[in-house]
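Okay, so here's the structure we're looking at.
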Amino acid sequence: MRAKKVIVIHVKDDIEKEELMKELQKLELPAFIYVHGKLNSLKINIQGTKDEIREAMQKVREIHYKVRSRLYPNKKGFYQYDVDDIFREAGVTISIPILIKTLELLGEYSELKEDKLISSLPWEEIVELVKKLGGILSDISLQTTRQIREVVIPLAATFDIDPQDVLEFAVDFGVAEYKEDKFKYELVKNKEQAMEIMLKKLRGEENEN
């Protein structure tokens, strides 16, 4: 038996409303959903069986919570993101260690809880950062191993240095070498040691300038 349910969701501003509408449009549910945007709210008309409506309402509440978590910081000043949402919005996928390390080098708080990223960096900025990291990755992916990428990409992004130059620095500083037979740069020290040496050298060079 078909039924109908109307719910109203109150929003703080246009940004929340737009983000919410964008997420609702991605929903794939058996229930029919019609969304009407008002001044400070969204009116959502749901049609289907009682079970379909219940499922749709649950999804709508989850989406609203997700949108609010990424737009507004908690009492500690941190935002919560679904990692997949960040990648989808940025249009690129990068490894989580690269993102976490870059946030750390930039002085931002970050913590991974399952597929949720808790961070002090606001939504639009973290999306832009991931786009930047994705661009660096595409520049060097063919000539690097996964291990060296996790050192070079965060450094290139943090210090705003051409990633090719960072690779050359890694060789100069004795933490990597270029394998002619594989046409790839590889670390000759472990990741943590390499990062520590590179950071000291790059920060030292920054201080000299």
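Across region 134-150, computed HN-Hα scalar couplings (Karplus, 6.51 cos²θ - 1.76 cosθ + 1.60, θ = phi - 60°) run x, x, 5, 4, 5, 5, 10, 4, 6, 10, 9, 8, 4, 4, 6, 4, 5 Hz from first to last residue, x flagging Gly and Pro.
Here's the picture: charge each Lys and Arg Cβ at +1 and each Asp and Glu Cβ at -1 in the chain, and of GLY77, VAL11, LEU137 the one pushed furthest to the positive end of that dipole is VAL11. Summarising the amide proton neighbourhood of ALA3: residues at separation of 5 or more, or on other chains, whose placed amide H is nearer than 5 Å comprise GLY48, THR49. Computed from Cα atoms, the angle from the helix 191-208 axis to the main principal axis of the chain rounds to 80 degrees. The accessible area of LYS26, taken with all protein chains in place and a 1.4 Å probe, comes to roughly 90 Å². Surface analysis of the chain yields an accessible area of 58 Å² per residue, using protein heavy atoms and a 1.4 Å probe.
The HN-Hα couplings worked out from phi for region 78-83 by the Karplus form 6.51 cos²θ - 1.76 cosθ + 1.60 (θ = phi - 60°) are 10, 9, 10, 10, 7, 4 Hz, whole numbers, x standing for Gly and Pro. For the residues LEU133, LEU167, LEU27, a GNM of the chain with alpha-carbon springs under 10 Å puts the largest fluctuation on LEU27. A simple rule links phi to the HN-Hα coupling: the Karplus curve 6.51 cos²θ - 1.76 cosθ + 1.60 with θ = phi - 60°, which for region 95-112 gives 6, 4, x, 5, 5, 4, 5, 5, 4, 4, 5, 7, x, 9, 6, 8, 8, 9 Hz, with x for Gly and Pro.
The charge dipole of region 1-118, taken about its Cα centre with unit charges on the Cβ of Lys, Arg, Asp and Glu (plus for the first two, minus for the last two), comes to roughly 660 debye. The Cβ shell under 10 Å around LEU29 holds other residues with a net charge of -2, Lys and Arg each +1, Asp and Glu each -1. Residues VAL166, VAL188, ordered by accessible area of protein heavy atoms at a 1.4 angstrom probe radius and largest first, appear as VAL188, VAL166.
For the chain, a simple Cβ point-charge model (Lys and Arg +1, Asp and Glu -1, everything else neutral) yields a dipole of about 1520 debye relative to the Cα centre.
Against the main long axis of the alpha-carbon atoms of the chain, helix 14-25 sits at an angle near 80°. Taking Cβ atoms as reference points and 12 Å as the exclusive limit, the residues near GLU111 contribute a net charge of 0, counting Lys and Arg as +1 and Asp and Glu as -1. Think of each Lys and Arg Cβ as +1 and each Asp and Glu Cβ as -1; about the Cα centre, that makes the dipole of region 52-145 roughly 320 debye. LYS179 contributes an accessible area of around 60 Å² to the protein surface, as traced by a 1.4 Å probe with all chains present. Toward the positive end of the charge dipole of the chain, with +1 on the Cβ of Lys and Arg and -1 on the Cβ of Asp and Glu, the farthest Cα among HIS36, GLN47, VAL171 is that of GLN47.
Ranking THR102, PHE159, GLN147 by how far each Cα lies toward the positive end of the dipole of the chain (charges on Cβ) leaves THR102 at the top.
The values are calculated or read from the model by the stated rules, or taken from the named source; none is laboratory data. This structure is a prediction, so every number in the text was calculated from the model and none was measured. Every residue, glycine among them, receives a Cβ derived from its backbone with ideal geometry; neighbour counts consider all protein chains shown. To get the accessible areas, we keep the full protein, side chains included, count just its heavy atoms, and leave off ligands, DNA and RNA. Shrake-Rupley method; radii C 1.70, N 1.55, O 1.52, S 1.80 Å.
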